[in-house]
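Enquirer: Starting off with a structure, shown below.
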Amino acid sequence: MKKIYVFILLQILAVAVFAQKNEPVNVQRHEPVNPIKDNQEYQAYTIRLLPALSLPGSLGSYGFDILKDKKLVMHQFENPLPFYPKGVQKKEDAYKIAQWMIEQYKTTGHWQHAMPPHIAHELKIKAH
């Protein structure tokens, strides 16, 4: 009789373990990047969105390319917000970051690869 109870308990436990979802409930489903539609012109530069690297915790984040005269000048494939572990979660935020990087390049002559937290706060980029 004890063997039957142990067997039933193990089956219930196995069903409970394998019935769990792989993703947390609050993970947002993001719109996939459309290379034709997801482009924006900004001060003679073209910002082209692309999916960022799939790192743990960065599901659905966005990266971008910055082009000048159809030539690639900046490729941002990693999270430019190191203090936001999930990365850039909105397309609008990716465009804001790219525009800030263009402004910084025009000011300093160097491409930035990360955005300071106070700038993200000023641009109203929120962690999700």
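The values are calculated or read from the model by the stated rules, or taken from the named source; none is laboratory data. All values derive from a computational prediction rather than experimental measurement. Here the Cβ positions follow ideal geometry from the backbone for every residue, glycine too, while neighbour counts run over all protein chains shown.
Enquirer: Please indicate, with yes or no, whether at least one residue in segment 106-118 is over 9 Å from the mean Cα position of the chain (by Cα) and in contact (Cβ under 8 Å) with a residue 60 or more places away in the chain.
Expert: yes
Enquirer: Please find, within segment 82-122, the residue that is farthest from Arg48 (Cα to Cα) out of those that are loosely packed, with under 15 Cβ neighbours inside 10 Å and touching a Phe, Trp or Tyr at 6+ places or on another chain (Cβ under 7 Å).
Expert: Only one residue fits best here, namely Pro117.
Enquirer: Among the residues of segment 74-109, write down those that are polar (S, T, N, Q) and farther than 18 Å from Tyr45 by Cβ.
Expert: The answer is Asn79, Gln89.
Enquirer: In segment 1-59, which residues are hydrophobic (A, V, I, L, M, F, W, C), under 19 Å from Val88 (Cα atoms) and at pLDDT 80 or above?
Expert: Ile47, Leu49, Leu50
Enquirer: Restricting to segment 76-128, name every residue that is among the aliphatic types (A, V, I, L, M), in a loop (DSSP other than H, G, I, E, B) and either at pLDDT 85 or above or in contact with an Asp or Glu (Cβ under 9 Å, 6 or more places away or on another chain) (or both).
Expert: Leu81, Ala114, Met115, Leu123, Ile125
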